[in-house]
Each structure stands twice: as C-alpha cells, then as structure tokens.
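Enquirer: Shown below is the structure under consideration.
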Amino acid sequence: MAVSFLLSPEQEQLKAAARGFAEEHLGDLAAAVRAEPDPLTRALLARPVFEKAVGQGFLKGLIPAPVGGAASSGVDAAIFIEEWAAKSPDFVISMAGPLIALAPVYEAGTPEQVARFVAPFLADSGAPVAAMAYSEPEGSANFHTPTGTRTTAVPDGDHYVINGRKAWASHLSGWDGDGPDLMTIVCRAPGGVSLLVAEREHLAGRIEVEEHYDLPGLRGCLTSRVRLHDVRVPRANLLGAEGQGVALTRNAFFPSGASIGIFAVAAMREAFDIAYRFATTETRGGPVPIIEHQAVSDVLADAKGRIEAVRLLAWRALDAVMAQHPSAPELALHAKVVGSETGVDVVNDLVKLVGVTAYDANFPIVGHLHEALAYPVIEGSNIGVRRRQLQDLFRTPGWDPLAASGMA
Ligand SMILES: Cc1cc2nc3c(=O)[nH]c(=O)nc-3n(C[C@H](O)[C@H](O)[C@H](O)COP(=O)(O)OP(=O)(O)OC[C@H]3O[C@@H](n4cnc5c(N)ncnc54)[C@H](O)[C@@H]3O)c2cc1C
C-alpha cells in the first residue's frame, strides 16, 4: 500500500473545525488567563470553554473508537492537538487528562471497568476531568524503586484505604476541590506498585489542597500539590493485579509523550510566525527588512526545517501509538525527547532573531519560550524518566536499531 503524507478530506475538515474552535474561543481565553494572577481563578476561566468543547464532541475525540469514543487515528489526534495548542496549550493539557488516566484502564481493565470508567467522558455536556496521579512532591522518576512511591493502599475488607501526597497532575483537585471525575492513583499496595481508580464519590471531602502551583508557562493548567486522606476505593477498582502498576504507568505515558512533540511544534510554529513577520517587515533602522541579512534568513531556514522534522516524527509516533504497533514506545520517546528539546532551541533562536524587542513582556514571543521550556520536564522529565526508558530499550537483548523505522 502506498504511504501518503497528504491530509485526507476528512482530516482537512477536522483541521478546519479545530482551527475554527480555537480562533473563536481559545485566543480570548489565553488572553484572559495571561491577565489573571491567581492560579485557581485563571484555571477556572477555562470551564465555560471546556463545556463548549464537550458539547461539540471534542472530548470524545480523545477516547478510542473501540470503547465508544471518536479517536481512531494518531494523525487526526496530532492535527487537533496542534491547532488547539497553537492558541492555548494549557487548555489542551487540562482537557487531555483522560488520555493518560484512562490508558491503563484500556490496557488492564475488565470490560465492566472499561465501561464504568469511560462513561463520564462520553458525555455531551458538562466538564468532566480526569487525573493521572503518578507524581509525588518528593519525586517521581524513581517511582518503581522500593522508596519511590510513598502513597499507600492498605486493604480493608472489600476496600483499599489510600493515603499520601500527589502533585503536578492537572485537575488533582477537580474544579471545586472535591476531586476530578476520575483519578488513577499510583500507589503502593501489599503486592507492590499498583493502580487504583478513585471515582468522585470516593474523593469528595478526602482531598486537602496544599498549594496550587503558579506556573511560569502553561498558566491555565490547574496543577496542585494535594494530600489524600483515607480515600476508600473498592477492591473492584484495582486495575490488573497488585504489582502491575509500574508497567501500566510507563505505558500510560506513551501516548501523551508522543503528543509532546506536537505541543512543541505548536510553540515553534507560533514563534516562527511572529519572527517571520518581524523579519519581513522590520528594517531596524537599516535600508532593508532584516530578512535580507543572510544570518537572519538562516535562522528562519533552520527553524522551519526542524519544525517540519518534529511534526513528521510526532505524527509517526502518534500513529504507532494509536495502532498499538511494537515501535510505539521507542517512537513516542523520540517524539518526546527530540521534540521537546528542539522546541526550546528553535523558539530560543527565534527570540534571538527578533532581538531586544522580544524581551518586552507585551511582545508575544517569549510566552512561547515559557511553554517550550515545560515540555522537556513534563510528562516524565527527559533526564530522569524518558532517556532512562530509552536506556532500558537499548539494553533489551535483541533490540534492533532499524526496527522502529520499519527498515529492519
Ligand atoms: C503542566 C504539567 C502537567 C503535568 N501532568 C502530570 C500528570 O498528568 N500526572 C503526573 O503524575 N504528573 C504530571 N506532571 C509532572 C511531570 O510528569 C513530571 O515529569 C514528573 O513528575 C517527573 O518529574 P521528574 O522526572 O523531574 O522527577 P523527579 O523525581 O522530581 O526528578 C528530578 C530530576 O532528578 C534527576 N533524576 C532523578 N532520578 C533520576 C534517575 N534515576 N536517573 C537520572 N536522573 C534522575 C533528573 O534530572 C530529574 O529531572 C505535570 C507537570 C506539569 C508542569
């Protein structure tokens, strides 16, 4: 079968619909978020837009078609994420909780668990949110080691009782402090690191918010540090078996890891647009627009090539993830690491192209650098988590350097 990188008519429609929604709602939201100093207040500004997005079926677009959603292709997901993240990456991250929190449900859940846990996210109204509660304030990169996961789940009859502190995941507190609609909790049960799903009825009144983080970029994300107090979850909410949590957690972050390449593309594309307009219209006192200087043009040329390369890598990675192809973990890791670090370099180069004008807070380019700086450290930091996963892959007996590309 021929491989084509042209968008199909359906994908062109998806791009137009996503772009239309972003232009109508996300630009204004991003401006309002920028102007609001309080982290909780500015996160809550997103709720009406969130409800509109749910009403138009976009949340279902994050849920795989075989379990009742509308997501069927990795490239579709990439198109949708890029269009929205170009205007408001924080909005997409807030909405994309089910992408990570439900991944282990799809992988290890019983049919009954899948149906029950997915149901809130197939709604046509409201603002359902999900959180993948993996990170802890004392560190998460070593969560698989005996001291790495401190949140405990103690069996008590038909329930587990969960206690501990969690951090960083969007919407750990939910919109109102009583928790998200669903929280997948990485915790230590008697059989080892395990995943338990808490529903809102288990969380209400059991979450103490210690702090809402004030982020330098992605400022609309509601990321917090919380304490879970005696959260009683039925044993029927254990995903897979006790001790399966390490593998399930690692796997859960592959789709979101691949998508980070696209978040980086969105930041680069916006920064490129600003720098390109500047270069073609500003003379800075000289006789010609600065794009006529070869050094300036070279920065644009190098940036554009790297944007195109990361976009293709991330499309490839998301395609493999959605198709559950064996190459998915490696490609997702490259999209995450290469994509996020290229994003920082490219946006920084474009800032340098603009020069001192870029350093005025009212000039829009540095905001994209703040976003880009997040991508190497979120969704598993590149040093502590993602390159360690690549190291594990490379150490696997029989690993073939050509396999991920299909060229073996
Ligand atoms: C907007 C946003 C959204 C987020 N969403 C979520 C989410 O949905 N769910 C969630 O659980 N978390 C989330 N996070 C947190 C994020 O996933 C982090 O990547 C995660 O907590 C791991 O951070 P870390 O690797 O820096 O870990 P840490 O354990 O804090 O490690 C810190 C650093 O120590 C070094 N290090 C530690 N151990 C090793 C090692 N073994 N080898 C080499 N170096 C090491 C590395 O340099 C590493 O970067 C989010 C964060 C933000 C800002």
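The values are calculated or read from the model by the stated rules, or taken from the named source; none is laboratory data. As the structure is a computational prediction, the values presented were derived from the model and not from experiment. When we count neighbours, we look across all protein chains shown, and the Cβ atoms used for this are built from the backbone with ideal geometry, even at glycine.
Enquirer: Could you grab the pairs with beta carbons closer than 7 Å, sequence gap of 6+ or different chains, first residue in the stretch 358-381 and assigned by TED's automatic domain parsing to the domain that holds Arg250, second one surrounded by fewer than 18 Cβ atoms within 10 Å (Cβ to Cβ) and part of a loop (DSSP other than H, G, I, E, B)?
Expert: His370/Pro216; Ser381/Ala141
Enquirer: Six or more apart or on different chains, Cβ under 7 Å: which pairs go from a residue in the stretch 241-262 that's at pLDDT 95 or above to one that's part of a helix (DSSP H, G or I) and polar (S, T, N, Q)? Could you list them?
Expert: Taking only residues 6 or more apart or on different chains, the pairs are Arg250/Gln389; Ile260/Ser340.
Enquirer: Name every residue in the stretch 270-328 that is part of a loop (DSSP other than H, G, I, E, B) and not hydroxyl-bearing (Ser, Thr, Tyr), in order of residue number.
Expert: Filtering the stretch 270-328 for residues part of a loop (DSSP other than H, G, I, E, B) gives 282-289, 293, 323-327.
Across the stretch 270-328, the qualifying residues are Glu282, Arg284, Gly285, Gly286, Pro287, Val288, Pro289, His293, Ala323, Gln324, His325, Pro326.
Enquirer: Related question: If you check Asp273 against the conditions, is it free of Cβ contacts under 8 Å to residues at least 12 places away in the same chain and farther than 21 Å from Arg116 by Cβ?
Expert: Taking the combined requirement at face value, the residue satisfies it.
Enquirer: Name the residue, out of Phe91, Phe117, that is under 26 Å from His25 (Cα atoms), outside any loop (DSSP other than H, G, I, E, B) and in the same structural domain as Pro64 (by TED's automatic domain parsing). Talk me through it step by step, then tell me what you get.
Expert: On the way: Phe117 fails: under 26 Å from His25 (Cα atoms).
Exactly one residue qualifies, and that residue is Phe91.
Matching residues to (1) assigned by TED's automatic domain parsing to the domain that holds Gly74; (2) over 16 Å from Ala96 (Cβ atoms); (3) among the hydroxyl-bearing types (Ser, Thr, Tyr):
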site: Glu211; (1), (2), (3): no, yes, no
site: Pro216; (1), (2), (3): no, yes, no
site: Cys221; (1), (2), (3): no, no, no
site: Asp230; (1), (2), (3): no, yes, no
site: Asn251; (1), (2), (3): no, yes, no
site: Ser259; (1), (2), (3): no, no, yes
site: Ala264; (1), (2), (3): no, no, no
site: Met268; (1), (2), (3): no, yes, no
site: Phe272; (1), (2), (3): no, yes, no
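Enquirer: Mind telling me which of the residues Asp156, Asp124 ends up being touching a residue at least 12 places away in the same chain (Cβ under 8 Å), farther than 30 Å from Gly57 by Cβ, of a type in the set (D, E, K, R) and more than 16 Å from the ligand (Cβ to nearest atom)?
Expert: Asp156
Enquirer: Could I ask something else about it? Filter the stretch 313-350 down to the residues that are under 18 Å from the mean Cα position of the chain (by Cα) and under 30 Å from Ile290 (Cβ atoms) and list them by number.
Expert: Of everything in the stretch 313-350, those that are under 18 Å from the mean Cα position of the chain (by Cα) and under 30 Å from Ile290 (Cβ atoms) turn out to be Val338, Gly339, Ser340, Glu341, Thr342, Gly343, Val344.
Enquirer: Looking at this structure, is Ala127 at pLDDT 95 or above and part of a loop (DSSP other than H, G, I, E, B)? Even if it seems obvious, please write down each step before you answer.
Expert: Details: at pLDDT 95 or above: yes; part of a loop (DSSP other than H, G, I, E, B): yes.
When the stated conditions are applied, Ala127 passes them.
Enquirer: Collect the residues in the stretch 178-192 that are away from the ligand (no atom under 13 Å from the Cβ) and over 21 Å from the mean Cα position of the chain (by Cα), keeping them in residue-number order. Before the answer, list the steps.
Expert: First, pick out the residues of the stretch 178-192 that are away from the ligand (no atom under 13 Å from the Cβ): 178-179, 181, 188-192.
Answer for the stretch 178-192, where residues must be away from the ligand (no atom under 13 Å from the Cβ) and over 21 Å from the mean Cα position of the chain (by Cα): Asp178, Arg188, Ala189, Pro190, Gly191, Gly192.
Enquirer: Just give me the residues in the stretch 197-219 being within 22 Å of the chain's Cα centre (by Cα) and either within 14 Å of the ligand (Cβ to nearest atom) or among the small types (Gly, Ala, Ser) (or both), in sequence order.
Expert: Matches in the stretch 197-219: Ala198, Glu211, His212, Tyr213, Asp214, Leu215, Pro216, Gly217, Leu218, Arg219.
Enquirer: So, in the stretch 160-177, exactly how many residues are assigned to a loop (DSSP other than H, G, I, E, B) and within 14 Å of the ligand (Cβ to nearest atom)? Reasoning before the result, please.
Expert: Applying the first criterion (assigned to a loop (DSSP other than H, G, I, E, B)) to the stretch 160-177 yields 171-177.
Of the ones still in play, those that are also within 14 Å of the ligand (Cβ to nearest atom) are 171-174.
Matching residues across the stretch 160-177 total 4.
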